[in-house]
Amino acid sequence: MPADRYVSPAGPSRYEAEIRRSRFIACLFPVTDDEQARARLGELRREFHDARHHCSAQLLGPGRGSAHSSDDGEPAGTAGVPIMQALTSHVTATGRADLSNVLAVVVRYFGGVKLGAGGLTRAYGGTVAQALHLAPMLLHERCALLDAHLPPADAGRLEAVLRAGGLDVMGTSWDDPAGPAVRIACPADAADRAAGTIAALTSGAARTEPAGTRWVPRPLPSP
């Protein structure tokens with residue numbers, strides 16, 4: 001998966017299903033590291049302290065460099081693996097299977113009817129797949145940042161020109177005594193093109209300089 005973009009849940013969400021008298025509660029969280037994932041899992045263990053199982057899977061990093069799953073007492077391979085498969089195979093609104101920085105936990109209340117290995121696999125994977133289908137998502141892109149320094153006398157007009165010119169304006173800093181700086185984000189491979197657009201829109205009045213990179217989140221269309 002490309003390491004310059006990924007999709008994550010926009011926030012915590014849940015989906016619950018009853019399957020042959022057992023309750024399966026699929027909980028999704030955006031997480032960025034193991035510590036956050038452990039904290040979220042701990043919260044669910046406290047909230048659903050009387051549940052028999054809290055099975056989980058997580059994907060971390062823009063390139064999915066870290067992956068972990070747990071059956072939490074279910075037969076080996078019947079819970080954590082199908083949850084992980086639901087995460088890795090989920091095609092988002094981008095048209096790609098690009099989900100990461102996500103934790104999925106399925107809380108199970110046993111209803112007295114054994115589902116068998118196949119039934120468990122379908123139940124755990126299916127509830128997470130449905131939760132993913134319903135959850136709002138964010139697209140994260142690694143963007144180059146440019147600061148467009150504007151002449152003070154014409155700053156207000158030129159800032160409006162940049163905002164109206166189709167550029168992704170992140171904000172404006174007025175702290176520099178030499179003049180305001182409009183921060184603009186663009187795809188990492190398009191910094192030169194964006195600098196040219198800034199120069200054209202301001203008739204060369206803006207002084208542009210690189211300002212590093214940043215992960216920029218944007219809402220994806222609702223499922």
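Set the Förster distance to 45 Å, then compute FRET efficiency between R20 and R218 from the Cβ-Cβ distance, nearest 0.05. After rounding, the FRET efficiency stands at 0.65. Rounded to the nearest 0.05, the FRET efficiency derived from the C-beta distance between Y109 and S13 at R0 = 22 Å is 0.70. Atom-type composition of the exposed protein surface of the stretch 96-155 places 59 percent of the accessible area on carbon and sulfur (1.4 angstrom probe). Volume per residue of the convex hull around the Cα atoms, evaluated for the stretch 6-60, comes out as 92 Å³.
Applying the Karplus relation 6.51 cos²θ - 1.76 cosθ + 1.60 with θ = phi - 60° to the stretch 97-109 yields 3J(HN,Hα) values of 8, 10, 6, 7, 6, 9, 10, 10, 10, 10, 8, 10, 9 Hz, where x marks Gly and Pro.
Note on A97/R207: beta-carbon distance plugged into 1/(1 + (r/R0)^6) with R0 of 45 Å gives a FRET efficiency of 0.60. Over all Cα atoms in the stretch 35-106, the spread is summed up by Rg and Dmax: 12.7, 39 Å. Rounded to the nearest 20 debye, the dipole size of the stretch 73-223 about its Cα centre is 680 debye, using +1 on the Cβ of Lys and Arg and -1 on the Cβ of Asp and Glu. Spacing of the modelled spin labels on E35 and L134, each 7 Å from Cα toward Cβ, amounts to 3.3 nm.
Please return the longest stretch of the chain lacking exposed loop sites, where chymotrypsin sites (Phe, Trp or Tyr not before Pro) count only if DSSP places them in a loop and at most 15 other Cβ atoms lie within 10 Å.
Details: sites that count: F110, W174.
After excluding every exposed loop site, the longest remaining stretch is 1-109.
Scalar couplings 3J(HN,Hα) for the stretch 75-89, obtained by applying the Karplus form with A = 6.51, B = -1.76, C = 1.60 to θ = phi - 60°, are x, 3, x, 9, 10, x, 5, x, 5, 4, 4, 5, 5, 6, 9 Hz; x denotes Gly and Pro. Here's the picture: charge each Lys and Arg Cβ at +1 and each Asp and Glu Cβ at -1 in the stretch 1-118, and of T78, L103, F29 the one pushed furthest to the positive end of that dipole is T78. For the pair D4 and A117, the difference between a 0.36 nm per residue extended length and the Cα-Cα distance amounts to 36.9 nm.
Across the chain, the longest piece that holds none of the trypsin sites (Lys or Arg not before Pro) lying in DSSP loops with up to 16 other C-beta atoms within 10 Å covers 115-223.
Put simply, the amide H of C143, placed in the peptide plane, has neighbours under 5 Å in R214, W215, V216, leaving out anything fewer than 5 places away on its chain.
Per residue, the solvent-accessible area of the chain (1.4 Å probe, heavy atoms of protein chains only, all protein chains present) comes to 49 Å².
A Stokes-Einstein calculation at 25 °C with viscosity 0.890 mPa s, built on the Kirkwood radius of the stretch 184-223 over Cα pairs, returns a diffusion coefficient of 205 µm²/s. Averaging 1/r across all pairs of distinct Cα atoms in the stretch 75-193 and inverting the result yields a Kirkwood radius of 18.5 Å. In vacuum, with every alpha carbon of the chain counted as one equal point scatterer, what does the Debye formula give for log10 I(q)/I(0) at q = 0.15, 0.17 Å⁻¹? Two decimals, please. With one equal scatterer per Cα and no solvent, log10 I(q)/I(0) is -0.89, -1.05. For the stretch 147-155, backbone phi angles converted through the Karplus equation (6.51, -1.76, 1.60; θ = phi - 60°) give residue-by-residue couplings of 9, 9, 7, 10, x, x, 5, 10, 5 Hz, Gly and Pro being listed as x.
The values are calculated or read from the model by the stated rules, or taken from the named source; none is laboratory data. Note that the structure is predicted; figures quoted are calculated from it, not measured. Counting neighbours? That spans all protein chains shown, and the Cβs are built from the backbone with ideal geometry, glycine included. Just so you know, the surface numbers come from the protein's heavy atoms only, side chains and all, with ligands and any DNA or RNA stripped out. Shrake-Rupley method; radii C 1.70, N 1.55, O 1.52, S 1.80 Å.
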